[in-house]
Amino acid sequence: DQQVKQNSPSLSVQEGRISILNCDYTNSMFDYFLWYKKYPAEGPTFLISISSIKDKNEDGRFTVFLNKSAKHLSLHIVPSQPGDSAVYFCAASAWNYGQNFVFGPGTRLSVLP
Amino acid sequence: GAGVSQSPSNKVTEKGKDVELRCDPISGHTALYWYRQSLGQGLEFLIYFQGNSAPDKSGLPSDRFSAERTGGSVSTLTIQRTQQEDSAVYLCASSLGGGRGETQYFGPGTRLLVL
């Protein structure tokens, strides 16, 4: 049973437009969420995080939105650039999970020039 | 190179053999994590080391898996009597401290194929 779901395995967006990557979770105890970006043959790199006390966190072109009632978060990239083409992982943790982050399966984003 | 390094980058082994995967964390990082990513899946937490504390082994899938961290630095993940379902990319990460808010820096991974 997947606790963190990313239902779109892939997404294609035109350069300059908005990319929206979605993530849904089932465990209401999750209170801290992360997004990671992964290029081929490299390890994931941290992108942005959000705590459940917030509903939005912004860092440059990247904004994460959290809807706790819907158990849904999304990552917005505006404007999208070809260098953003990568696999994006959503991850969640609960205060009583120790260091255990639960990761989604990832969404492959392709930004077309 | 100041990043997390892992070796080997690729490993092909026969079913039933033991394998050792190595991780060199960023110098000064006290926390070290092992994950694995099977095909089409997200990262699966395996084990966590923090300083001199007892490791959190809650993610290890079976007793064939073990890990050590010597001198608070280099870590070795050992898989005994490998099975085909062990085929995956094994990722190591380190962070400065062990809190949830600490950024984890990942290595490039070891791609393990069990024939």
Segment B:1-70: spread of alpha-carbon positions along the three principal axes, whole Å, largest first, is 36, 30, 25
Binned at 10 Å starting from 0, the alpha-carbon pair-distance distribution of segment B:42-95 in whole percents comes out as 21, 58, 20, 1
For segment B:21-37, Karplus-derived ³J(HN,Hα) couplings (6.51, -1.76, 1.60; θ = phi - 60°; whole Hz; x for glycine and proline) come out as 10, 10, 9, 10, x, 5, 4, x, 6, 8, 10, 9, 10, 10, 10, 9, 10
For segment A:64-73, Karplus-derived ³J(HN,Hα) couplings (6.51, -1.76, 1.60; θ = phi - 60°; whole Hz; x for glycine and proline) come out as 10, 10, 10, 10, 5, 5, 8, 6, 9, 9
If amide H atoms are modeled at 1.01 Å from N in the peptide plane, then the residues at a separation of 5 or more from A:Ala94, or on another chain, having amide H under 5 Å from its own are A:Asp31
One checks the Cα atoms of segment A:23-104 and finds Rg and Dmax, in Å, of 12.8, 38
Counting other chain Cβ atoms within 10 Å of each Cβ in B:97-109 and taking the mean gives 4
Computed on Cα atoms, Rg of segment A:1-68 relative to 2.2 N^0.38 Å comes out at 1.20
Distribution output for segment B:20-115: share of Cα-Cα pairs per 10 Å bin in percent, first bin at 0, values 17, 53, 26, 4
Per-residue average of other protein chain Cβ atoms inside 10 Å, peptide B:41-50 -> 5
Amide H neighbours of B:Ile47 at under 5 Å, excluding residues fewer than 5 places away on the same chain, with H built from the backbone geometry, are B:Trp34
Scoring chain A by relative contact order with C-alpha pairs under 8 Å, at least six apart, yields a percentage of 37 percent
Beyond 22 Å (Cα-Cα) in this structure, taken from A:Lys37/B:Lys17; A:Lys5/A:Lys71; A:Lys5/B:Lys57; A:Lys5/A:Lys56; A:Lys54/B:Lys57, we find A:Lys37/B:Lys17; A:Lys5/B:Lys57; A:Lys54/B:Lys57
Along principal axes, largest first, the alpha-carbon spread of the protein assembly as shown in whole Å comes out as 49, 38, 36
Least to most buried among A:Ile77, A:Ile48, A:Ile18, by other C-beta atoms within 10 Å and fewest first, runs A:Ile18, A:Ile48, A:Ile77
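Every number in this text was worked out from the coordinates using simple rules, so none of it is lab data. Model, not experiment: these values are computed from the prediction. Reconstructed Cβ throughout: ideal geometry from the backbone, glycine too, with neighbour counts over all protein chains shown.
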